[in-house]
Every structure is written in C-alpha cells, then in structure tokens.
Amino acid sequence: MSYINESVIYTIYPLGFCGAPRENDFKQEYRLNKILDCIGHFKKLNVNAIVFNPLFESSRHGYDTIDYKKVDSRLGDNNSFKAICKALHDNGIKILLDGVFNHVGRDFFAFKDVQQKKWDSPYCSWFQNLNFNGNSPYGDPFWYEGWAGNYDLVKLNLHNNDVVNYLLGCVNFWIDEFDIDGLRLDAADCVDIEFFKKLRHLCKSRKEDFWLYGEITHGDYTRWANNEALDSVTNYECYKGIFSSHNDHNYFEIAHSLRRQFENGGIYHNIYTYNFVDNHDVNRLASSLKDKKQMKNCYTLMYTMPGVPSIYYGSEYGIEGARTRTSDYELRPCLDLNNVPNADMDLFEHICRLGKVRRSLDALKYGKFANVNIMNEKLVYKRFTDNQTVFVVFNLTDRNEKVGFDTGCNAKLTDVLNNNEVIDVNGYYEISMQPYSTRILVVNDGSFKVDYSIEEVAETSVEEISAEAVETTETVKTPENSEENIKAEISESAESENIVPTEETATDAKEQISVTDTKAEKEEFVSKFTEEIELGRYRHYSGKLYEVIGFAKHSETGEKLVIYTPLYDGGEVWARPYKMFIEVIDVDGEKVQRFTSVD
C-alpha cells in the first residue's frame, strides 16, 4: 500500500494563500516562507501530506507556466522552497506538486521562439494545431489551440517526443531538487494517456510509492486510474453528492454513489480516490450548503468514505468563498492560518479529531464499504477489514433522534469521535443522536480508545530555516531555458525512458550546440564582455535602461557591488554583485551581456 492510505491531505493554492500580485512583477519575494509557521497547524489537523497548486514561474495565475524549473519569484526561489520541503519532510509531511502539462503560458520560452522566428522555429511542432494559415486572437501571425478556448493557455502537443521528454526531465528535476512525493495532474482528461504511462514509469522508478492523481470532473475514472497510468483521480461525483445530499436532506443520493463506486466490488473498488468537499475551482463548502450546521456531517462523511480525505486551506475554519462569472479569486484568499477572522473553531476541532480518528483506524484507511441503513435524514454505513469493523452514523435532523441498525455482534462500540464513549450492544441497536451529529463506532471489547494528543513539531527552528533559505538564495536568475539546455534535457530524459530521438530531433540538437565547445574558447567568448565598467547608462537585456551611479563593497563579504538606478521609473537605488552585473547569460539560446553600455 502507498503512504497515501495513511494520509490526510492539505491543499494550498500558493499564489492566493501568500497574497501574491495577480500579475507577476518578477520581484523576488519570499512569501511562501509563511508555510514554515503553519507546521504546528498541520500537526493539529493530523495532516501528513500537502498538495501545492501551481508553484512555478508564471505570468499570472500559475497555470500559465513560463519556467517549469523556477519557483515563482512572487513566492520565493528554488533554495527557499527546498528549505520548506526539508522542514515538512522533517515533520513527516509528504509533498505533492501540481503538474500542469496540458498547456503553458504565452511567455513560455518555446512559444516565444515561435513568435520571434515563426515557421523557422524548431518549436513549431511543440504546440497543438499550430499553423500559419490565420491569426490568433492575440494577433499572432499564426493559429494555435488554446486550452478550453483560453488563448493565454497554449496547448502542448503531447504526441511530440521532444515535448514529452522535456516535461519528464522537469519532473526528474523536481524529484532531485525538492524530493517530492507525488503529483496532481491538472486537466487530466485532456492529457494523452500515453504521456501518463511514461510519467508513471519514470516516477515509480524513482520512488516506488510516488503517487499520481488526476483532475477528472466526469467520465469513467478507470480510464485514467489503472495499473498503467495514474494511481487515482479527483472524486467529483462524491464531491457533488456530499453537499447536495445534505442540502436536499436526502442521504439516498450519496449512499447511491458510495454503493455504485465501492460496495461489493463496486466500479471503483480498486481506486483509492482523492476525496474533497471544496477546492480552488469550486465554491467553498460553507458557500455551497444551505445550512452550515451540516458542515460537520459533510466532513465526517468525507473522512470515513473509501479514499483519502483532503482539506482545502482555510475551509477547516468554515470560511466562505464563491466564484463569480468572471473570477475565481474569491476561492483563493490570502490567509494567516494561525489567525483566521471569524473562524469556526468548533468545526476546526471536529476536523482535527477526524484526522486523528482516520489515522488511527485501519478500517477507515484500508477497509471495505457497505451501506447498513439508509433514510432521507439518517444514514449508517460500515467500513471493515478482517480485524476491525467501524460503523459511521449520521443524523441530519434538527432534533434528537434514535438511529437503529444491526450491529451483527454482542460486544461494545467505542465512539472514537466523541470522547471514546463505550456502548454495550447485542445485535440490533438504536443509538441516541444529537441534532446534526455523527458517530464513529468501533466494535471491540471495551478497551479500544483513540489518543487525541497532538504530534509535536520536529525540533527544527522555523526562524533558522527561514533565515537560511533567504541567506543562501542568489538574486533571481534568468530562466535556464536555453535551447542547449532543453536539448540536453530531452536527450537525457529520452535515454532514461528508452525513447529514441527522431532524426529531426538529432539534427536540431546538433544545430544548437554552442560554438564555445572548449574551455579556452568559452573564456575568450566571455572575456569580450567583462571589461571594467564605468559610471553611465546601461541597457538590460530586456531593453530597460539603468544608470550606474557608483560602486560599493559588501561590509560582511567584501564582494564588489554595482550601485545603479532605473531610468524608466526612477526613485529607487539598487545594488547588484559586480560579477552578476557583467555576467554573460543565455537568452533563448544566445549568449548576451546582462547589461550593455549605451554611452
């Protein structure tokens, strides 16, 4: 079994959670370091796996990727995220990233190359249905397929081996750099199944229990989740059934889905589904329910049904959020998880306890499912293994009720959700239920109890980790997406996947080999740009003008610094290491100066 069977997942949309600007200003900030202050919160919730929605450099919302190998500068950088990953791993928390492989942003290096070189670009075949017989909605002199009609999201051609190998190389990089444990696959229903098969082969060869789950909103889950492709999918059927059955006071709806999916060899009995009550694409549960008193029942159901439960950041406090016709931003607020306004602490404590209960009971983690008693406003089902049976009981009414069911035993039931209350039963039993309440009853001899204590945070100084992450981080670098690097990645990944590059690929790669093949030639090439610089105006490779107004010496390291000010805005004085100022960098496969004198 995978670690996921033992997990409670927490999902974060980093750009929203951290309050990042909606448009990328490319200023280096370390907003995501706030995660380090949340580890105690995760422990209270019994969370041991975190899904980070889009994390890598993008122009706006994260799903319009610019650079798959660079943490978004609004959030931090690779070093700071590496420190975050280490702190989470030290506390027993697995890390899953959002794999956005269906599409990229318009600022992605290969698409920019097509814009510049048009049909002469070696990347024309990287994009779905690209042709030069018309103009795009953005005015490009070519047409391409935008994902779901969104032309800021350029659909990749995943039938192209170069694209596949490039993306696999990026996943390899994430495993090497951040030691990640799994991936959420965005828009999985639009992604070529053959790509998922290759992705699975790569990931499982790196980590046997690496977990892959796809965002699937409809269709037969087994098409994507099987022994050849993904491990799991998002269970949208039950997501809808959970809040809808409570709104309509009709437990038959969710009971039908659970029976269809899991009972007696149901159609998805071999899939450990990713279960949720809300996420960054749908309304918060508190905004979906007509009566918020039902929230505890919803979470109990989600935590005790087959599959892995997940919490969307902030919803543990019952916050509201609904999408509008034009925006999803209300679903993705900036939050301090240790100080949420108007927090529903009663719900929070309930979810904390659910996490402890789930992680303590094998029947909930590994057991089979069977409905026991279904009524409109009352529901009983059981989870069971050969060694443990658990009954889950729901009362959706606004009054005290008795709910009857056949326990099938002469034993004791311990209500591990409600202070380990012990109840004697003999066969059929009617249990007393408070309004809008649930019980989780473990069949035993009376000795079974769940320990509600909270795990301690590992002895790692949050302040030290945070400071170290910032100290060891270099100033933001130009994305290392030169054509040479891309071709090297394609070749390396192709070799690891036993994919033979095409003749066209080999020719392209040969053409991109740098003319500076030897160390001496490279030094001679670089020396042209490393002459002593003087005061005056300089143009950045992006085209913006700056004025060098002086030089300084770092008080701690003695490093020489260039002091300069932007001429396009003014008002600020910046410092940059001298070596970086005169650096020769790769931009779209060409060697250029970072700054060039214009005086």
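The values are calculated or read from the model by the stated rules, or taken from the named source; none is laboratory data. No experiment lies behind these values; they were computed from the predicted model shown. Positions of Cβ are backbone-derived with ideal geometry, glycine not excepted, and every protein chain shown enters the neighbour counts. These accessible areas exclude ligands, DNA and RNA; they are computed on the full protein's heavy atoms, side chains included. Shrake-Rupley method; radii C 1.70, N 1.55, O 1.52, S 1.80 Å.
Residues whose amide H comes within less than 5 Å of that of LEU156, counting only those at least five positions distant or on another chain, are HIS103, VAL104, GLN128 (H built at 1.01 Å from N in the peptide plane).
Normalised per residue, the accessible area of segment 1-42 is 35 Å², obtained with a 1.4 Å probe and no contribution from ligands, DNA or RNA.
The candidates GLU534, GLU263, arranged from most to least accessible area with a 1.4 Å probe in the full protein assembly, appear as GLU534, GLU263.
The share of accessible area on segment 46-188 that comes from carbon and sulfur is 45 percent, using a 1.4 angstrom probe. Using +1 at the Cβ of each Lys and Arg and -1 at the Cβ of each Asp and Glu in the chain, identify which of PRO14, LEU199, ASN79 lies farthest towards the dipole's positive end. Comparing the listed Cα positions along the dipole, PRO14 ranks first. As a calculated quantity, the FRET efficiency between ALA458 and VAL422 at R0 = 51 Å, using C-beta atoms, amounts to about 0.90.
Note on GLU377/GLU228: beta-carbon distance plugged into 1/(1 + (r/R0)^6) with R0 of 41 Å gives a FRET efficiency of 0.45.
Please compute the per residue accessible area over segment 53-105 with all protein chains in place, 1.4 Å probe, rounded to a whole number of Å². Provide the component values of the computation, followed by the final result.
Details: 940 Å² over 53 residues.
Here the per-residue accessible area is 18 Å².
The order of LYS44, LYS378 by accessible area, most exposed first and with a 1.4 Å probe, is LYS44, LYS378. Rolling a 1.4 Å probe over the protein heavy atoms leaves TRP224 with an accessible area of roughly 10 Å². Computed about its Cα centre, the charge dipole of the chain is approximately 1820 debye, with only Lys, Arg, Asp and Glu carrying charge at their Cβ. Once the 1.4 Å probe is applied to the protein heavy atoms, segment 195-252 comes out at 39 Å² accessible per residue. Rg/Rh, computed from the Cα trace of segment 181-339 with Rh as the Kirkwood radius, has the value 0.99.
Contact order for the chain, expressed relative to its length and based on alpha carbon pairs under 8 Å spaced 6+ residues apart, stands at 12 percent. Other residues with beta-carbon under 15 Å from the beta-carbon of ASN270 carry, at +1 per Lys or Arg and -1 per Asp or Glu, a net charge of -1. Extent of the chain along its three principal axes (Cα atoms, max minus min coordinate, largest first): 92, 55, 42 Å. The distance linking segment 536-558 with segment 3-62 is 34 Å (Cα centroid to Cα centroid, whole angstrom).
The figure for ARG259 is an accessible area of roughly 110 square angstrom, using a 1.4 Å probe on the protein chains alone. Look at where the Cα atoms of segment 118-177 and of segment 342-407 average out, and the two centres are 47 Å apart.
When the listed pairs LYS70/LYS94; LYS27/LYS112; LYS34/LYS579; LYS27/LYS198 are checked against a 26 Å cut-off, the alpha-carbon distance exceeds it for LYS34/LYS579; LYS27/LYS198.
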